[in-house]
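Any read-out appearing in this document is the output of simple, stated calculations on the displayed coordinates, not a laboratory observation. All of these numbers come straight from a predicted model, not from anything done at the bench.
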Amino acid sequence: MKSLGIDIGGTFLKYIYKENNQFTTGKIYTRDIISEGNPDLIIKEIKNIVEKFKPESIGIAVAGLVDKKTGRITNSPNIKSLDGYPLKENLEKIINIPVYIENDASLAAYGEYMYGAGKNSKILICLTLGTGLGGGAVINGKILSGVSGSAMEIGHTIIQLNGLPCHCGRKGCLEAYVSSYGLERIYYLLTDKKLSSSEIISLANEGNKLAMESLEKFSEYLAIGLMNITHIFNPDKILIAGGIPEYYPALRDITVANLKKLTFPLPFRDLSIENAALREFSGAYGALAYGEKGGKD
Ligand SMILES: [Zn+2]
C-alpha cells in the first residue's frame, strides 16, 4: 500500500510517505503562505505532494479542533485561516481519494503508539510541549477523541485560579506555564529579561543557574499537569514530545522526581514517563497510520 501522512503546523508542513515499508520524510516551510491567510495555498502544497507520490491513502494532522460531525476545523490559534475551513471536503474534490483528518496532538500520540515510544502501551498519554501544549491519548489502541473531537485539551485545564493569561483567553491554564511562551514568562519573572525559549534552553544546557532554575519551575508546573493526568487516567505511559524536552532532555528526570512527590504511589508505581521517539514527525506518522486505517484507528 502506498500511504501518505501530513502534519500541517504553523511553521512547517511535514509529511511521510510509505511504500513497501520504506519511509520518505519531508518538510516544507509554510509560515509565509499561512500568514497570507488563504487556505487554498495550503491545499496547493498538499496537491503537489499527492501528485508526486500518488498515494492510495491520506491522513492529515492539524493544529486545532476537528469537528467530528462536519469535518471542519475550529479553534486553530496558530493557523487562523483554517478556522471553520472545510479542509476534508475541499481536498477530496481536488485529489479524488478520501482524506482523514484528526487533531495533531491526538495523531502525535497515535504515531508514537504505532511507530515510536508508545508501542504496546495500554493507556498512553502524549503531551506535546511546543508553542502551545497539546495532549493526546490512545487507549487500548484507540484514539480518545471525544464525542465532538475535542477531548484531551490538557493545555486548557486550569491549574491556578486567576493565574497567568493563556492564548485561549482563560487565566491560569496549564499551557500558560507549560509551553514555550510559558517558559519565557517564568524566566522573565525570575530575571526581568526577555529571552526566547530556545535561548533559555541553550543557557540551561551551558549550566546557567537562572535558566536552569526556570526550567526547574517549568517542570514543577508540568508535574502538576502530569499528576492530574495520572490521577484521572492511571496510564502506563506518558510521553513528552516537542522541542522543549527534545533540546533539554534533562527535563524528563527532573519532572519524574517532582511528580513522585505529588502523585499517589500506586499509579506512580505502574507509570513510566519517557521522551517521545519520533521527534517532530510523530504527528505525520500518526496521520499516516490513521489514513491507512480509513480514519478508524
Ligand atoms: Zn488556555
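Summary table
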| read-out | value |
| --- | --- |
| Segment 58-121-segment 269-297 distance, computed between alpha-carbon centres (Å) | 13 |
| Residues with amide H under 5 Å from that of A117, placed H, sequence gap 5 or more | A277, L278 |
| Kyte-Doolittle mean at least -1.0 and Cα axial length at least 20 Å: DSSP H helices in the chain | 39-53, 209-233 |
| Part-to-part distance (alpha-carbon centres) for segment 166-215 and segment 218-238, which is given in Å | 20 |
| Alpha carbon centroid spacing (whole Å) that separates segment 1-42 from segment 134-165 | 24 |
| Segment 120-277 - share of DSSP beta bridges that are antiparallel (%, nearest 5) | 55 |
| Karplus-derived 3J(HN,Hα), 6.51/-1.76/1.60, for each residue of segment 152-166, Hz, glycine and proline x | 6, 7, 4, x, 10, 8, 8, 10, 8, 5, 6, x, 4, x, 9 |
